[in-house]
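The structure appears below as structure tokens.
Bear in mind these aren't lab numbers, they're just calculated from the coordinates by the rules spelled out. On a predicted model such as this, the values are computed, not experimentally measured, just so you know. Because the Cβ atoms are built from the backbone with ideal geometry, glycine has one as well, and the counts that use them run over all protein chains shown.
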Amino acid sequence: KNQVEQSPQSLIILEGKNCTLQCNYTVSPFSNLRWYKQDTGRGPVSLTIMTFSENTKSNGRYTATLDADTKQSSLHITASQLSDSASYICVVKEGGSYIPTFGRGTSLIVHP
Amino acid sequence: GAGVSQSPSNKVTEKGKDVELRCDPISGHTALYWYRQRLGQGLEFLIYFQGNSAPDKSGLPSDRFSAERTGESVSTLTIQRTQQEDSAVYLCASSLAAGGDGYTFGSGTRLTVV
């Protein structure tokens, strides 16, 4: 069964600090991996998408990495801001499938 | 429209009542998904529509749940005889192409069954 595990479940950091969120998956064959940001009361919004051949991708202060051999991804947030407080969801798509597998998300709280 | 629109944004209903949730996808998006998100849980796939093909209903949790979509436009998710465990946020997403890559989510409908 395809699974996506995220850690930590929740994280509290001070404004201006960096943090890294982890995602491990068992989805096979692999097609792509996305990181989404979900603000409270809103739908998820895509931050990055990575395919098998990509091992890093940035979107502003967000940098995602992918190790397709170990089936691990991370999302690094630099110089955190209060507006980064949200749930970050890792989503992995299986090749040939139209239903991706969602992780449970990491809840990030950024304190002033 | 510019984004995926869902209505209502919040719905409180009594146990046993039927509810209907609406999703307006982005114009031209052929694929449409419904997901359920319980508190503290990941998104659960419910149903997938692609153009005029028969929908994939494999994620519907019981026969109390049903969904319709007319062509490539509005979709409605109906929950009959609601139960307290149906309380969740119901999210709709649409994408331009089959396969779900690059899809856009709506803000969801928060359903509370009391």
### Message
Can you list, by residue number, the Cys in the protein assembly as shown that have no neighbouring cysteine C-beta under 4.7 Å?
### Response
A:C19
### Query
What FRET efficiency, computed as 1/(1 + (r/R0)^6) with R0 = 45 Å and r the Cβ-Cβ distance, is obtained for A:I109 and B:N52, rounded to the nearest 0.05?
0.50
### Query
Within a Cβ distance under 14 Å of B:L39, other residues only, what is the Lys/Arg minus Asp/Glu net charge?
+1
### Isotropic mean projected area of the C-alpha convex hull, the stretch A:1-87 (nm²)
5.9 nm²
#### Entry: chain A, relative contact order in percent, only Cα pairs under 8 angstrom and at least six apart counted
38 percent
### Query
For chain A, which longest stretch is free of loop sites, where a loop site is one of the trypsin sites (Lys or Arg not before Pro) that DSSP puts outside H, G, I, E and B and that has at most 12 other Cβ atoms within 10 Å?
A:18-112
#### Entry: Peptide A:103-109 - average C-beta neighbours from other chains (10 Å radius)
2
### Task
List the residues whose amide H sits under 5 Å from the amide H of A:E15, counting only those 5 or more places along or on another chain, with H placed 1.01 Å from N in the peptide plane.
A:H111
### Summary
Going from the fewest other Cβ atoms within 10 Å to the most, one would list A:S80, B:S75 as A:S80, B:S75
### Query
Counting pairs of alpha carbon atoms under 8 Å apart in space and at least six apart in sequence, what relative contact order in percent does chain B give?
37 percent
#### Entry: Cα gyration tensor category, rounded, prolate or oblate, for chain B with a/c compared to 1.5
prolate
### Message
Of B:P61, A:S107, B:L46, which is farthest towards the positive pole of the protein assembly as shown's charge dipole, taken about the Cα centre with +1 and -1 on the beta-carbons of Lys, Arg and Asp, Glu respectively?
### Response
A:S107
### Message
I want to check the label-to-label distance for A:S28 and B:E85. Put each point 7 Å from Cα in the C-beta direction and report it in nm to one decimal.
### Response
3.2 nm
### Message
Order these by the 10 Å Cβ neighbour count, fewest first: B:Y103, A:Y62.
### Response
A:Y62, B:Y103
